[in-house]
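As structure tokens, the structure follows; a few thoughts come after it.
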Amino acid sequence: VLNLGTTARQLDVLVGGDLRQSPGAVITETGQASPSLRMTGTLPAVADCKGVLTNNVTVGFDNTAGIRLESDLTISHILRLQRGSIYTIGYTLILEQGALLESADDSYVDGKIFKKGLTDGDFLFPVGKNGFVRWVRLREATGNFSVEFIRADPKLIAVDLGEGLSHISSLEHWQIASETPSAKAKVELSFHDVNSGGVTALDQLRVAYLVNNVWQDGGNITSTGSAGSAGSVTGNLVEIFSPGLPTFFTLASS
């Protein structure tokens, strides 16, 4: 057991390399403190936490070269992405109900983020790939959700377009899944200059999602930013999530 905080003291621990935790090991705090465990450095590092992190321990990733997970990582308090990226391929970054995620503008998760216990709440998923942040925000969301960004042409999945859509992005899409029945959310997708689908007109911008191999018009109830630059589009409430099965989303135009 590594106790980072009691009523008498609080520790802020910097780990300048790999972080490896054995099964059964515990990182925790037992007082009223809010200690932190922060991975720092300028060389690629590994986080392999097979034990547990409990109570009010903030976990920080502050490594410019990035950190790769070698096991699932569960956060119960705060995850702070300060510099660099987290590579979760093959594993999952899990945030328990009530856990928070804070991220710098250029930090992201390459792989899956799984957020538990949303109840009519908003949550930002800072996902991305190859140096590009392509975040998703779920608004008015209820359920347990996982989100992953995929830098690939969504037309490789399906090409048919539903009524109201003219074309979809040829560059990227997102995979969103929920393990809970009756999950729902308004999905806000980000875009960023020509590297994000070539957005040219916000009034024609749409959220699209795949149902029965047809890309459906998910609407545009609000948008931010400006065409040719950075921004986002929020679609209508989506209630078609099937437990355990991913739903694909992408940017589209009317």
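The values are calculated or read from the model by the stated rules, or taken from the named source; none is laboratory data. Since we're looking at a predicted model, the values are computed, not measured. All Cβ positions, glycine included, derive from the backbone under ideal geometry; neighbour counts span all protein chains shown. These area figures cover heavy atoms from the full protein model, side chains too; ligands, DNA and RNA do not enter into them. Shrake-Rupley method; radii C 1.70, N 1.55, O 1.52, S 1.80 Å.
A few points about this structure:
- Per-residue SASA remark: Glu188, around 10 Å² accessible (1.4 Å probe; ligands, DNA and RNA not included).
- Per residue, the accessible area of region 73-215 comes to 43 Å² when a 1.4 Å probe rolls over the protein heavy atoms.
- Within the straight-line cut-off of under 22 Å between alpha carbons, the lysines reachable from Lys50 are Lys112, Lys115, Lys116, sequence neighbours fewer than 8 places apart in one chain being disregarded.
- Percent accessible area from carbon and sulfur atoms, region 1-84, protein chains only, probe 1.4 Å: 51
- Most mobile of Val147, Val13, Val207 in a GNM of the chain (Cα contacts under 10 Å): Val13
- For Asp48, the residues whose amide H sits under 5 Å from its own are Leu19, Arg20, Gln21, Glu70, ignoring neighbours fewer than 5 places away on the same chain, with H placed 1.01 Å from N.
- Under 12 Å of direct C-alpha separation, and excluding same-chain neighbours fewer than eight residues apart, Lys184 reaches these aspartates and glutamates: Asp120, Asp122, Glu140, Glu239.
- Here mean projected area of the Cα convex hull in nm² was computed from the coordinates, and among (1) 13.5; (2) 12.4; (3) 19.5 the match is (1).
- Close amide H partners of Lys112, meaning residues 5 or more places away or on another chain with modelled amide H under 5 Å apart, are Thr88, Leu93.
- Those GluC sites (Glu not before Pro) in region 113-182 that DSSP places in a loop and that have at most 13 other beta carbons within 10 Å: Glu163
- Sequence of Asp193, Asp105 from largest to smallest accessible area, 1.4 Å probe: Asp105, Asp193
- Taking every C-alpha pair closer than 8 Å and separated by at least 6 residues, the mean separation divided by the residue count of region 98-212 gives a relative contact order of 23 percent.
- When the surface is traced with a 1.4 Å probe over the full set of protein chains, Tyr91 keeps roughly 90 Å² accessible.
- The candidates Ile240, Ile94, arranged from most to least accessible area with a 1.4 Å probe in the full protein assembly, appear as Ile240, Ile94.
- The string of couplings for region 163-171 from the Karplus curve (6.51, -1.76, 1.60, θ = phi - 60°) is 4, x, 10, 9, 7, 10, 4, 10, 10 Hz, one whole number per residue in order, with x for Gly and Pro.
- In the context of the full protein assembly, Asp153 retains an accessible surface of approximately 40 Å², using a probe radius of 1.4 Å and ignoring ligands and nucleic acids.
- Computed on the chain, with alpha-carbon pairs under 8 angstrom and 6+ residues apart, the relative contact order is 12 percent.
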